[in-house]
1. Looking only at region 274-302, filter to residues that are of a type in the set (D, E, K, R) and surrounded by 13 or more Cβ atoms within 10 Å (Cβ to Cβ); which one of those is modelled with the highest pLDDT?
2. Are any of the residues in region 67-81 within 23 Å of Y29 (Cα to Cα), within 29 Å of the chain's Cα centre (by Cα) and of a type outside the set (S, T, N, Q)?
3. Is there any pair linking a residue in region 305-332 that is touching a residue at least 40 places away in the same chain (Cβ under 8 Å) to one that is open to solvent by less than 50 Å² (accessible area, probe 1.4 Å) and hydroxyl-bearing (S, T, Y), with Cβ under 6 Å and at least six apart or on different chains, and which?
4. Within region 192-209, is even one residue touching a Pro at 6+ places or on another chain (Cβ under 7 Å) and closer than 22 Å to L148 by Cβ?
5. Taking the condition open to solvent by less than 40 Å² (accessible area, probe 1.4 Å) and modelled with pLDDT under 95, does A34 pass?
6. Count, please, the residues in region 93-143 that happen to be out of contact with any helix residue (DSSP H, G or I) (no Cβ under 7 Å at 6 or more places or on another chain) and small (G, A, S).
7. Output the number of residues of region 157-197 satisfying the condition of being farther than 26 Å from D112 by Cβ and surrounded by 15 or more Cβ atoms within 10 Å (Cβ to Cβ).
8. List, please: which pairs have Cβ atoms under 9 Å, are six or more places apart or on different chains, and start with a residue in region 179-193 that is touching a residue at least 24 places away in the same chain (Cβ under 8 Å) and end with one that is open to solvent by less than 50 Å² (accessible area, probe 1.4 Å) and charged (D, E, K, R)?
Amino acid sequence: MPELRLLCWALLLGLVRACPEPCDCGEKYGFQIADCAYRDLEAVPPGFPANVTTLSLSANRLPSLPEGAFREVPLLQSLWLAHNEIRAVAAGALAPLGHLKSLDLSHNLLSDFAWSDLHNLSALQLLKMDSNELTFIPRDAFRSLRALRSLQLNHNRLHTLAEGIFTPLTALSHLQINDNPFDCTCGIVWFKTWALTAAVSIPEQDNITCTSPHVLKGTPLSRLLPLPCSAPSVQLTYQPSQDGAELRPGFVLALHCDVDGQPAPQLHWHIQTPGGTVEIASPNVGADGRALPGAPAASSRPRFQAFANGSLLIPDFGKPEEGTYSCLATNELGSAESSVNVALATPGEGGEDVLGRRFHGKAAEGKGCYTVDNEVQPSGPEDNCCHHLPQPRRGA
């Protein structure tokens, strides 16, 4: 038993004193420190004591941080990685560091970052990511960082910021975000308002400037004049223009998506047919109805023709084209969608009788419905004359 206890103490002492060969490990001010800075390292070395609380890997040649890079040091409170060549941080590289309070990734080449790892770092108080190549930050990137006091994102390649991205940072007192190439469109206007009202120190505000559009290049966001901004709205109309229209084979179905919003929304068609889902980024044809170069199409005239003016044409509507037609408009302020269900009448439903009853019923009410080629048409905008047209019977 005494020998076993001695062996356990020896193993424990070995764990505490272990240190990767290129690094210096020791205790200072009550912290267990591993200093691996300026060692020309190209990877995180293995063999750290499990009780390390401060690790410096600054000024090396690390190209990336793989999953599990810091698994040996789960008690880390400070991690310094500045002045490396880090381009990517993989998912799982930082997630185990639930005690981390300070993280410095500044002055790297970082463009690929596993933002979801930050969700585990709820103790983080300092995050330095300045002087990198970041172009985008997800809206929920900082959702768990309620203890964060200082955030440095300056000197990156950020073009915009998702509205509300800083809302979870209830303890934030210092934000550096200058020297990014911001697009001064409607998507960034919220930040100007937030910066004026938030109790956060934001230095170098004259260097938080617009890069585009060209007319605003160099303008500080703090001096940006109000922009005419609005979220998308859509109105879907169609010809024949009846709710729940049921058509006969061979009809030309025309739908029009009237879109409003600023900046001008992007239009997308979502079509759910019996044969599956069709997605169309409008337009896919030119004004002549022929497929645009590069647009996916089985022929020169696609089955679904989406025009630049918001119209969708189905030249030979038949049973395979039945379904739900939705137009979706999106800009940086949001999205809007409108849908219509379109189907053919089924044989045996007495479509012609229904059509006649509908017509005569409208006439008896004094409404101005009339027929053109067996199609019920409203005479005024207040009329909505649904029609029910039969398919030809097989063998007829």
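The values are calculated or read from the model by the stated rules, or taken from the named source; none is laboratory data. Note that this is a predicted model, so its numbers are computed, not measured. When we count neighbours, we look across all protein chains shown, and the Cβ atoms used for this are built from the backbone with ideal geometry, even at glycine. SASA here: full protein model, heavy atoms, side chains in, ligands and nucleic acids out. Shrake-Rupley method; radii C 1.70, N 1.55, O 1.52, S 1.80 Å.
1. Within region 274-302, the match that is modelled with the highest pLDDT is R290.
2. yes
3. So the pair list comes out as G323/T273; C327/S338.
4. Yes, region 192-209 contains a residue that is touching a Pro at 6+ places or on another chain (Cβ under 7 Å) and closer than 22 Å to L148 by Cβ.
5. Answer is no for this residue.
6. 8
7. Within region 157-197, residues that are farther than 26 Å from D112 by Cβ and surrounded by 15 or more Cβ atoms within 10 Å (Cβ to Cβ) number 7.
8. Final answer for the pair search is D179/D130.
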